[in-house]
Structure formats: structure tokens, C-alpha cells
1. For the range 89-114, enumerate the residues that are part of a loop (DSSP other than H, G, I, E, B) and closer than 19 Å to V215 by Cβ.
2. Pairs only if they're at least six apart or on different chains, beta carbon under 9 angstrom, first in the range 247-259 and farther than 16 Å from H172 by Cβ, second in a helix (DSSP H, G or I) and of a type outside the set (A, V, I, L, M); list them, first residue then second.
3. Go through A103, A84 for me and flag whichever is of a type in the set (A, V, I, L, M) and in contact with a helix residue (DSSP H, G or I) (Cβ under 8 Å, 6 or more places away or on another chain).
4. Considering each of A239, A233, A222, A153 in turn, give the residue that is farther than 22 Å from P76 by Cβ, of a type in the set (A, V, I, L, M), surrounded by 14 or more Cβ atoms within 10 Å (Cβ to Cβ) and touching a residue at least 40 places away in the same chain (Cβ under 8 Å).
5. Look through the range 63-116, keep the residues that are farther than 14 Å from R137 by Cα and basic (K, R), and return whichever of them is surrounded by the most Cβ atoms within 10 Å (Cβ to Cβ).
6. Those residues that are among the aliphatic types (A, V, I, L, M) and touching a Leu at 6+ places or on another chain (Cβ under 6 Å), I need them from the range 140-191; list them, please.
7. Would you please name the residue that is farthest from the chain's Cα centre (by Cα), looking only at residues in the range 79-88 that are closer than 14 Å to G187 by Cα and in a loop (DSSP other than H, G, I, E, B)?
8. Under the condition of being part of a loop (DSSP other than H, G, I, E, B) and in contact (Cβ under 8 Å) with a residue 40 or more places away in the chain, which residue from the range 177-201 is farthest from the chain's Cα centre (by Cα)?
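Throughout, read-outs are computed from the coordinates displayed, never taken from laboratory work. Quantities reported herein were computed from a predicted structural model and do not represent experimental measurements. Every residue, glycine as well, gets a Cβ built from its backbone with ideal geometry; the counts of neighbours run over all protein chains shown.
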Amino acid sequence: MSSAERGKVSVAECWKLMCSILFRKDLKPSKPKVFSNCKFETERLEEKMMNETFIQDLRERLVKVGREIYTRGFVPGTVGNISAKIPNTDTILIKPSGVSMGALKPEDLAIVDLQGKQIQGELSLSIETPMHTAIYRTRDDIQGVVHSHAPTATAFGVAGIQILPILIEMFHFIPNGVPIVPFEFPGTQELAEVVEKKIKDFDAVILENHGIVTVGPSIEDACNLNIMVEECAKTQFTATLLAGPNAITMEKIKEKFNL
């Protein structure tokens with residue numbers, strides 16, 4: 001046998017050996033395993049992209065709310081803070097410290113967990129982060145929190161006067177009025193605790209000598225309630241000037257509305 005023939009036999013034998021390896025039964029299950037892993041990774045990537053898209057949308061919604069209350073004069077300078085819960089997580093987006101609502105950008109917002117630990121964000125956290133996280137821990141139905149210095153409603157807190165639902169439409173939103181939370185210094189755990197205690201039963205509270213806090217099932221709902229509380233305070237203030245301080249009480253309001 002020539003060397004060329006021996007070469008051909010060697011090639012044939014090699015091919016036979018390769019085929020026997022490629023088509024071994026114990027190697028076949030590897031194919032669906034690889035496909036399954038690829039499918040799992042694809043689903044995880046799609047879920048991550050959807051979450052990131054939703055969080056970006058939530059950032060933009062918060063910025064829009066911030067501009068709304070800034071335009072209305074509720075948060076002059078850099079005061080006030082807003083936050084929104086990221087659904088199906090124990091984290092929130094919150095406005096950082098030292099940034100005006102009028103200049104707030106989506107990327108400025110920080111992500112913190114419900115214990116107040118910063119997860120994402122380069123700017124300093126709002127000093128009122130403990131108050132916001134306490135609210136979310138207390139009420140799992142809340143998805144948005146707005147703390148403003150709406151001028152008339154804030155004045156009621158300075159005067160120690162509760163805001164009442166003097167218009168029948170307001171009973172849907174603040175049926176028991178807006179109570180006053182005793183004064184505690186801003187940013188303290190004591191303030192977080194007194195707000196947490198009161199917010200269990202109310203969607204809006206006045207912080208004595210500080211401002212107002214409203215909550216809702218969305219950040220837009222919390223913002224709208226903030227606006228409505230301020231409008232109710234304006235009406236109550238005017239009515240009190242016209243009729244006297246004793247003309248408007250919760251008892252008289254309920255009697256008039258047959259409630």
C-alpha cells in the first residue's frame with residue numbers, strides 16, 4: 001500500500017471517529033440547555049430594560065410635579081421635597097438637597113431604600129428623607145409624597161388652626177380636615193415619627209411652623225391634593241374674615257351637609 005493510500009485511510013478513519021463523537025447520545029441534551037439559558041438571559045434583559053424605562057418615566061413625572069408646585073409659589077428657593085415609590089420594590093425616588101424644584105432634572109433624583117440608604121445618585125440626600133421613608137413604611141398604599149410650603153396652608157400651621165373641608169367637594173379628599181402635627185425640627189427622626197403617627201389616618205397634614213405634607217396613590221394625586229389643601233385654606237381664611245372665627249366649625253359643616 002502506497003503512502004497516499006495510507007493517507008486516505010487515515011482521513012476516513014478520522015472522519016468516522018469525529019462522527020461517532022458528534023452524534024454520541026450523551027451530548028444531545030446540551031443543545032436545549034444552551035437554548036434555555038439564552039432564553040432566560042433574554043427575558044432578564046427585557047425585564048431590566050422595561051424597569052429602566054419605567055424609572056426614567058417616573059423621574060420625568062416627578063420633575064413635572066416639582067415644576068408645578070414651584071410655578072404656584074409653593075416651594076420658593078430650594079425648600080420642599082417630593083418623592084415617589086418605585087412599584088414592586090422597597091425603594092423610592094426623592095429630590096436631593098439644595099436643588100430648586102424649578103431647576104430639578106430627572107438625573108438629579110436619588111434612589112434610596114425604605115431605611116433611607118442611598119442606592120443611586122450623586123447629590124446629597126434631602127434632609128427630609130427619614131420623613132418620606134417613614135410614610136412609605138407606614139402606608140403601603142402610598143406611591144407619592146409632596147412636602148411644600150404652600151403659603152396660606154402653612155400660615156394655618158403657624159396660627160395653630162386646622163384646615164376644614166368647608167366646601168362639600170373637599171369631603172371626598174379631606175373628610176376630617178387637615179390636622180396639625182406638633183413642631184419638630186426639620187430633618188430629625190422626631191419629625192419623622194410624629195408625621196408617621198398622624199399620616200396613618202390622614203392623607204394631608206400641616207407641619208406646625210413648617211409646611212404641609214400630602215400623599216396619594218400616585219405622585220400626581222399627592223400634588224393635586226397639595227393644591228386643593230392650599231385652595232381650601234384660602235377659602236377658609238376669607239370666610240373667617242367675613243363671618244368671624246366662630247362661624248366655621250366641623251360640627252356646623254357636617255350639620256349643613258347632613259353628614
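1. Across the range 89-114, the qualifying residues are T89, D90, K95, L109, L114.
2. Close Cβ pairs (under 9 Å, with a partner that is in a helix (DSSP H, G or I) and of a type outside the set (A, V, I, L, M)) amount to A247/T240; I248/Q236; I248/T240.
3. Criteria check complete, one pass: A84.
4. Values: A233 fails: farther than 22 Å from P76 by Cβ; A222 fails: farther than 22 Å from P76 by Cβ; A153 fails: farther than 22 Å from P76 by Cβ.
Result: A239 is the single residue among A239, A233, A222, A153 that is farther than 22 Å from P76 by Cβ, of a type in the set (A, V, I, L, M), surrounded by 14 or more Cβ atoms within 10 Å (Cβ to Cβ) and touching a residue at least 40 places away in the same chain (Cβ under 8 Å).
5. Only one residue tops the list, namely K95.
6. Within the range 140-191, just V181 meets the criteria.
7. V79
8. G177
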